[in-house]
Amino acid sequence: MRPRRLAPLLPDPRRLLRYLNPSAAMSPAAAHLATAANPDEDLCASAAADAAVTEELVPAPPLPPPPVSAEERVERAWAHWRRLGAPRLTVAPMVDNSELPFRMLCRRYGADAAYTPMLHSRIFSENEKYRSMEFTTCKFCANDPDILLQAAKMVEPYCDYVDINFGCPQRIARRGNYGAFLMDNLPLVKSLVQNLSANLHVPVSCKIRVFPQLEDTLAYAKMLEEAGASLVAVHGRTRDQKDGKKFRADWDAIKAVKDALRIPVLANGNIRHMEDVKDCLEHTGADGVLSAETLLENPALFAGFRTKEWKEDGDENGDSGLDQADLVIEYLKLCEQYPVPWRMIRSHVHKMLGDWFRVHPEVREELNKQPILTFEWLHDMVMRLKQLGGGVPLYRKEGSIPMAQNELATENA
Ligand SMILES: Cc1cc2nc3c(=O)[nH]c(=O)nc-3n(C[C@H](O)[C@H](O)[C@H](O)COP(=O)(O)O)c2cc1C
């Protein structure tokens with residue numbers, strides 16, 4: 001079956017690209033704005049993606065009749081999920097880090113679906129430059145149902161779901177009163193979900209954090225389902241547990257949500273390798289998992305590769321033949337094809353090559369000092385690291401998990 005994307009969970013990258021492509025989506029004025037001031041804000045390339053995306057826009061599906069009963073809503077939620085191929089392995093939303101080329105890289109290495117980063121609904125509706133630069137996404141934060149709907153309608157033709165973010169715990173979300181801070185105003189949350197689910201062609205999903213008390217989490221999740229959500233992703237940490245390395249996600253709470261809801265539920269937290277995926281699905285009964293931080297270091301996680309930190313005694317002694325440097329080169333090629341701001345590339349290169357930079361900090365310093373990046377410079381840097389020796393091998397048990405060669409990977413290889 002064709003591997004589908006969720007769209008917070010992901011949009012079809014080719015359809016998405018049409019939106020991303022500056023020549024298609026950005027007015028000359030906006031394009032000018034994008035190249036001002038900080039070179040890291042510039043797109044890394046310009047028209048390369050044109051040819052690939054010209055015929056890809058698919059018209060929005062006809063508006064379905066409004067569901068008459070809760071029963072019917074649940075049935076539709078599952079039908080949609082199955083139509084997408086019941087994606088189990090999903091790239092979580094990450095501001096500035098789950099942009100299109102990175103999602104495509106993860107999908108080449110086993111991810112079934114991917115969230116795009118979160119978008120600010122009001123800025124998205126009002127600002128063309130923001131839309132053009134940042135719309136590798138359909139995940140929204142908002143606290144006004146009409147503004148949210150306005151933004152969601154602009155992206156729904158390109159998405160398999162529109163997701164409302166109730167998970168962001170950052171200070172900026174507190175200041176703007178969105179993300180996880182809407183947990184203090186559940187009637188507003190309900191109206192956001194109701195308004196979107198009643199007026200969009202595509203289903204609405206919600207990504208949430210848990211409350212300290214299980215009964216509050218369950219009441220919250222049930223309210224989302226009743227308000228019309230078709231999918232709930234549960235990050236098993238509270239709003240105050242920001243440090244993922246310090247706080248383990250609560251899989252028991254996720255299991256309780258899965259048991260209480262009738263729509264598909266995804267589990268998020270503590271997924272560092274495929275063994276975790278198996279354990280988490282068994283423990284929670286969830287329909288799939290999301291991973292974020294580990295994927296930044298190891299985009300091949302879902303294809304069964306592990307970083308040295310998670311290498312097991314029984315793993316092959318040597319490396320798997322795949323090195324982080326290979327993934328960086330692959331990622332850079334995708335960026336040439338599908339332009340994104342340089343700051344995103346900088347961030348991924350740092351994360352993927354972190355171990356190497358710890359051994360050769362002088363190369364990291366040089367990267368940090370580069371005011372303007374080019375693909376040529378980055379390729380040379382990777383070559384230099386290779387010549388310095390070492391590398392950042394990934395590990396994989398021989399024959400353990402088959403490499404997922406999904407359709408996207410083949411198309412874009
Ligand atoms: C760089 C980064 C940016 C993130 N941005 C968002 C965001 O905008 N919205 C959101 O709901 N979660 C965001 N998250 C949280 C992740 O989606 C995920 O819920 C969290 O990291 C837990 O998953 P993990 O344990 O696999 O890292 C972000 C995480 C990272 C590492």
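The values are calculated or read from the model by the stated rules, or taken from the named source; none is laboratory data. Remember, it's a predicted structure, so these values are computed and weren't measured experimentally. Methodologically, a virtual Cβ is constructed for each residue, glycine included, from the backbone with ideal geometry; neighbour enumeration extends over all protein chains shown.
Per-structure values
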read-out: All positions within region 157-184 that are more than 14 Å from the ligand (Cβ to nearest atom), over 26 Å from Glu215 (Cα atoms) and surrounded by fewer than 24 Cβ atoms within 10 Å (Cβ to Cβ); value: Pro157, Arg175
read-out: Lone unmet requirement of (1) over 24 Å from Gln324 (Cα atoms); (2) within 18 Å of the chain's Cα centre (by Cα); (3) within 14 Å of the ligand (Cβ to nearest atom) for Val265; value: (3)
read-out: Close pairs from region 123-149: first hydrophobic (A, V, I, L, M, F, W, C), partner in a loop (DSSP other than H, G, I, E, B) and at pLDDT 80 or above, Cβ under 7 Å, at least 6 apart; value: Cys138/Thr116; Cys138/Cys159; Cys141/Cys168; Cys141/Tyr178; Ala142/Tyr178
read-out: Condition met for Arg122 (surrounded by fewer than 24 Cβ atoms within 10 Å (Cβ to Cβ), over 18 Å from Val202 (Cβ atoms) and out of contact with any His (no Cβ under 6 Å at 6 or more places or on another chain)); value: yes
read-out: Test: Lys255 is among the basic types (Lys, Arg) and more than 14 Å from the ligand (Cβ to nearest atom); value: yes
read-out: Subset tally (residues that are modelled with pLDDT of 95 or more and under 26 Å from Pro299 (Cα atoms)) for region 249-271; value: 11
read-out: Residue in region 198-215 that is nearest to Leu266 (Cα to Cα), counting only those that are assigned to a helix (DSSP H, G or I) and aliphatic (A, V, I, L, M); value: Leu214
read-out: Residue within region 285-301 that is more than 16 Å from the ligand (Cβ to nearest atom), touching a residue at least 60 places away in the same chain (Cβ under 8 Å) and touching a helix residue (DSSP H, G or I) at 6+ places or on another chain (Cβ under 8 Å) present; value: yes
read-out: Residue in region 206-220 that is over 19 Å from the mean Cα position of the chain (by Cα) and within 14 Å of the ligand (Cβ to nearest atom) present; value: yes
read-out: Qualifying positions in region 111-125 - of a type outside the set (S, T, N, Q) and more than 15 Å from the ligand (Cβ to nearest atom); value: Asp112, Arg122
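Residue by residue, here is whether (1) touching a Cys at 6+ places or on another chain (Cβ under 9 Å); (2) surrounded by fewer than 15 Cβ atoms within 10 Å (Cβ to Cβ); (3) more than 16 Å from His283 (Cα to Cα) holds:
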site: His235; (1), (2), (3): no, no, no
site: Asp240; (1), (2), (3): no, yes, yes
site: Lys246; (1), (2), (3): no, yes, yes
site: Trp251; (1), (2), (3): yes, no, no
